[in-house]
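Here's the structure, in structure tokens; my notes come after.
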Amino acid sequence: MPKILVIEDEAAIRRVLVKILSEENSAYILEEAEDGLQGIEILKKEDFDLVLCDIKMPKMDGVEVLEACKKIKPEIPFIMISGHGDLDTAVNTMRLGAFDYISKPPDLNRLLTTVRNALDKIELVVENKNLKKKVSKNYEMVGESEAINIIKDMIEKVSPTDARVLITGPNGTGKELVAHWVHEKSLRSTGPFIEVNCAAIPSELIESELFGHVKGAFTSAVRDRAGKFEAANNGTIFLDEIGDMSLSAQAKVLRALQESKISRVGTDKDIKVNVRVLAATNKDLKLEIEEGRFREDLYHRLAVILIKVPSLNDRREDIPMLIDYFSKKIALEHGSGQKSFSDKAINLLKEYDWTGNIRELRNVVERLIILGKSEIDASDVQLFANK
């Protein structure tokens, strides 16, 4: 239920505001403060979804209340209440972070519309925060090995910058997870994160996929279409398996990096883009360069920061943590209780050659949970791990 604080030194105005709001929605929880100082004390102790605050008050005026609250609880929207002579000040409070202002005496429709809009905004902010938490849970970086801690440290350092990152490592090691974390911890985290699997797109379609096309550019181009670079504007594009990209597409990506411009297939018209590029590959790009399959100039543009993700065989000490993490996750997905793994089962899994890396380990854990006993032991591993 929305909780609203009304800070107003004129008792008659305060009563009118509370009456209007309570009649609008009986679910509103309404509290009152008779001056700015009392309002700040209440705000320090309690959480609110919205504050209605008069500008001219004794002890502490509305501007001071707004500035103080933005330091302690910046997410709370403020609607300022202004007298006729306070309009300039009211407009200035918008620059300080107020959601809106209403004039005295309050117009019923204007007041209710502004309150609804402010509450909608805070609800959206909460939804976005919850969504980001869910996204983060899907991309947890599990492990405390030295190799993983080095990667975590690099992510913390590089994420706030706009530096391009090339992520290398064998298939199944979690390169896309690293890319997600770089984006989520970056200043672009509120912008789009667009993934492109370069290996999954036919070479004749990769340019259209990345840069878009205009109607008539080729047989099936029946309308104009924006590409992934445009979709990622003001955010991040992740070019997964970039080692499989055609040379002609590489040339266009190079131009996008050099000039922050792209052009759709079928036209020379430039489109400005503001995109951070992350890339990943399981290939040795230096060998690809030597054999003429990858552009050296593009490699140097992409590899400003190089993050090497180790194979699971190189971080075996993380296997117990990964087993526990996948066990909980799989139990939640299946709607079943979590199964435990005996020490012997875990030690046996630590000894295996994990050619498929994290992806293979997850599949094995899921198979053992489905087919094994209530506590997974060494005999279950030997029977069902198929190693």
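Summary table
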{"quantity": "Single residue of D318, D324, D297 found to be in a helix (DSSP H, G or I), surrounded by 19 or more Cβ atoms within 10 Å (Cβ to Cβ) and not basic (K, R)", "calculated": "D318"}
{"quantity": "Residue match in the range 212-223 (condition: in contact (Cβ under 8 Å) with a residue 40 or more places away in the chain, crowded, with 18+ Cβ neighbours inside 10 Å and more than 16 Å from V309 (Cβ to Cβ))", "calculated": "yes"}
{"quantity": "Any hit, the range 330-337, residues being closer than 26 Å to N149 by Cβ and in contact (Cβ under 8 Å) with a residue 24 or more places away in the chain", "calculated": "yes"}
{"quantity": "The range 156-190, residues that are closer than 25 Å to K328 by Cβ and surrounded by fewer than 19 Cβ atoms within 10 Å (Cβ to Cβ)", "calculated": "N171, E176, L177, E184, K185"}
{"quantity": "Boolean, K339 is over 18 Å from E176 (Cβ atoms) and either surrounded by 16 or more Cβ atoms within 10 Å (Cβ to Cβ) or of a type in the set (K, R) (or both)", "calculated": "yes"}
{"quantity": "Pairs where the first residue, in the range 46-64, is closer than 20 Å to K104 by Cα and at pLDDT below 95 and the second is assigned to a strand (DSSP E or B) and among the hydroxyl-bearing types (S, T, Y), C-beta under 6 Å, 6+ apart", "calculated": "I55/S82"}
{"quantity": "Candidate set from the range 328-347 (those that are at pLDDT 95 or above and in a helix (DSSP H, G or I)); member that is nearest to V381 (Cα to Cα)", "calculated": "A345"}
{"quantity": "Residue within the range 6-22 that is part of a loop (DSSP other than H, G, I, E, B), of a type in the set (A, V, I, L, M, F, W, C) and either in the same structural domain as L112 (by TED's automatic domain parsing) or at positive phi (or both) present", "calculated": "no"}
{"quantity": "Only one of S203, S208 that is hydroxyl-bearing (S, T, Y) and modelled with pLDDT under 90", "calculated": "S203"}
{"quantity": "Filtered residues of the range 13-45 (kept if of a type in the set (G, A, S) and at pLDDT 90 or above)", "calculated": "S22, A33, G36, G39"}
{"quantity": "Whichever residue in the range 98-112 is under 12 Å from C53 (Cβ atoms) and not aliphatic (A, V, I, L, M) and, among such residues, is surrounded by the fewest Cβ atoms within 10 Å (Cβ to Cβ)", "calculated": "D100"}
{"quantity": "Positions within the range 7-42 being of a type in the set (A, V, I, L, M) and out of contact with any strand residue (DSSP E or B) (no Cβ under 7 Å at 6 or more places or on another chain), in sequence order", "calculated": "A11, A12, I13, V16, I20, A27, L37, I40"}
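Residue by residue, here is whether (1) at positive phi; (2) at pLDDT below 90 holds:
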| residue | (1), (2) |
| --- | --- |
| I194 | no, no |
| D224 | no, yes |
| E230 | no, no |
| S260 | yes, no |
| I271 | no, no |
| N282 | no, no |
| R295 | no, no |
| L298 | no, no |
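The values are calculated or read from the model by the stated rules, or taken from the named source; none is laboratory data. Everything quoted here is computed from the prediction, not taken from an experiment. Positions of Cβ are backbone-derived with ideal geometry, glycine not excepted, and every protein chain shown enters the neighbour counts.
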